[in-house]
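The values are calculated or read from the model by the stated rules, or taken from the named source; none is laboratory data. Worth saying up front: this structure is predicted, and the values here are computed from it rather than measured. Please note: Cβ atoms are built from the backbone with ideal geometry, for glycine as well, and neighbour counts cover all protein chains shown.
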Amino acid sequence: MKLAIFPDRIFTGNDHQPLAEALIIENDRIVAVGSAADIKAQSDKQTRNLSLPGRLITPGLVDGHCHFVNQGVLLQRVDLRGVTSLEGCRQKIHRAVQLAAPGEWVVGRGWDHHRWTDGKEPTRLDLDDLAPNNPVVMTRVCGHSIWVNSMALSIAGITCSFPDHPGGKIERDPITQTPTGIIRESISVVTRYIPLLTPENYRSAALAAQKEALSYGITSVHSCEGLREWTVLSELEKENQLKIRVYHLLHPEDLEAADVSHLHPENKRDHLWFDRIKLYADGSLGSGTALLHEPYEDDPENFGLPFLTLEQLQEDIERAYSRNFDVAIHAIGDKAVTHSLWAIKNARNKYPGNHRDRIEHIQLFRTEDLKLFKCLNITASVQPIFLPSDREMATQKWGHHRCKNAYAWKTLQRAGILLQLGSDSPVEPINPLLGIKAELERTKLSGQKDTPWIHHEGLTLSECIVGFTRQAAWTSRRESDLGIIAPGKLADLTVFDQDLFQVPVEKLSSVKVDMTIIGGEIVYQKDH
């Protein structure tokens, strides 16, 4: 059966036909795109017509960097995102402790002390009175530090004499050397003691994440997780329960297990596939572990932490290349970006080929690195939604002189570097419109003295939509099927209840998704 759709506007993402008025879907593919008159002329008695006045259709939105199943896991745990005070966090944690059995782990995520009035990091003492009989682990919003209570430290055997692991740091009282309850980067020293979620827990989490993503018009996600999450998604796909498309990135420690399970890049499936390894070159801005060429403005002895040395990074890239995987490297600080570029360049000397590598986040870079960035044809995978929460913190920690190259997407674009956009959910909400709104609001910040650097780098609405669609299709090697609205492409579409191009920027967050279509199937529809 054919379905002809007539909205107010179609943004195709196709440079040869940027805008259209209507389209026809047959089975799972788009068969025609054009004016309303053209589409009506191509319709027949078997064509179902769907009139959507006032709506905007775009290619199906893709979250180019998230942790998909773990977004669903957070929905089952203590969510501290957006809480603006330590006391507010304590209240939410206290409610969770009251519901837990003695000895049961209380786990959550999302605290950000930079949002709090005094800006001070919490300690174990801020948890001990709440949970004397429960181990508590609260992951920082960035995912690179944890805040734990004394019981959790005791279970993990972390005492004054417990050594720091390579690439990590246990914060300690400067006089007594007692652990404060903050652990940076090497968080597994505690988290490995948290009982694993059951397969049913993960299944519920994946389905909850899918439901939420579809309601925001997301038709595909690039998910940076492990084999455990892959297994859950694979089972859902076999049961025809996985409606969203998931391009899965694995960790290097999963490579051998993937070989045993005969998981290879060539084995692409319609809704679940992978051919990329996720690596880490540093930590995060908020934790003060992003790796820098120059020290932090507010901590002159601190240059951040290399999660992997340059040599280790290159070795892991070569391991990925030897199995025909591309790589995506987490690099927030400018030195981490430099290391990533050097490591990729050196690895490609040994393993040349058609690589489509990415560097994730790139919140700070050096201008002199952009030539190599472009030469290697690496995609910049960035998250505009970080802008509202990071701008003051970046100025404080990196200073105005460096922030000229912070969150500088337009500079990257002018250098010929391709941009892919995402949310890093559950670090931030998965709703793409929040990222688009944050990006478009940059120009409003031009009058603020503390952020004169940020407004010059804003993208247009069209560029944002392309970043959430076309480029993600290319990096996942699905550009022949996805990314634009054109005849022959899979019918993955996002239908907004208003035309984004006509909505004032400050009201973008009030726009809703009217319909989400994947492979010609309406998988989400707003209640009217």
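Just to check your reading of the model, which residue among 82, 64, 60 is under 30 Å from residue 223 (Cβ atoms), at pLDDT below 95 and of a type in the set (Gly, Ala, Ser)? Result of the check over 82, 64, 60: 82. Listed conditions (1) charged (D, E, K, R); (2) exposed (fewer than 14 other Cβ atoms within 10 Å of the Cβ); (3) touching a strand residue (DSSP E or B) at 6+ places or on another chain (Cβ under 6 Å) are all met by residue 95, apart from (3). Comparison of 344, 359, 430 shows that the only residue that is over 18 Å from residue 67 (Cα atoms), modelled with pLDDT of 95 or more and either hydrophobic (A, V, I, L, M, F, W, C) or not in a loop (DSSP other than H, G, I, E, B) (or both) is 344. Look at segment 481-499: where a residue is among the hydroxyl-bearing types (Ser, Thr, Tyr) and a partner is in a loop (DSSP other than H, G, I, E, B), sitting 6+ places away or on another chain with Cβ atoms under 7 Å, you get 494/60; 494/217. All of (1) among the hydrophobic types (A, V, I, L, M, F, W, C); (2) outside any strand (DSSP E or B); (3) assigned by TED's automatic domain parsing to the domain that holds residue 519; (4) crowded, with 16+ Cβ neighbours inside 10 Å hold for residue 41 with one exception: (4). Can you name the residue in segment 163-177 that is of a type outside the set (D, E, K, R) and surrounded by 15 or more Cβ atoms within 10 Å (Cβ to Cβ) and is also modelled with the highest pLDDT among such residues? For segment 163-177, the residue satisfying everything is 170. Of all residues in segment 364-419 being among the acidic types (Asp, Glu) and modelled with pLDDT of 95 or more, which is surrounded by the most Cβ atoms within 10 Å (Cβ to Cβ)? In this case the residue turns out to be 369. Summed over segment 331-347, residues that are more than 14 Å from residue 412 (Cβ to Cβ) and either touching a Ser or Thr at 6+ places or on another chain (Cβ under 9 Å) or of a type in the set (Asp, Glu) (or both) total 3.
Of the residues making up segment 384-422, just one is out of contact with any Phe, Trp or Tyr (no Cβ under 9 Å at 6 or more places or on another chain), farther than 26 Å from residue 117 by Cβ and of a type in the set (S, T, N, Q), namely 413. When segment 145-162 is filtered for residues that are surrounded by 14 or more Cβ atoms within 10 Å (Cβ to Cβ) and either among the hydroxyl-bearing types (Ser, Thr, Tyr) or within 24 Å of the chain's Cα centre (by Cα) (or both), the ones remaining, listed by number, are 145, 146, 147, 150.
The test for being surrounded by fewer than 18 Cβ atoms within 10 Å (Cβ to Cβ) and touching a helix residue (DSSP H, G or I) at 6+ places or on another chain (Cβ under 6 Å) holds for residue 128. Taking residues in segment 346-370 that are at positive phi, and partners anywhere that are part of a strand (DSSP E or B) and not small (Gly, Ala, Ser), the pairs with Cβ atoms closer than 9 Å and at least 6 places apart or on different chains are 361/65; 361/330; 361/382; 362/382. When the strands (runs of 3 or more DSSP E) confined to segment 132-228 are screened for residues that are aliphatic (A, V, I, L, M) and within 21 Å of residue 71 (Cα to Cα), those reaching at least 3 such residues are found at 136-140. There is no residue in segment 496-509 that is among the hydroxyl-bearing types (Ser, Thr, Tyr), modelled with pLDDT of 95 or more and under 21 Å from the mean Cα position of the chain (by Cα).
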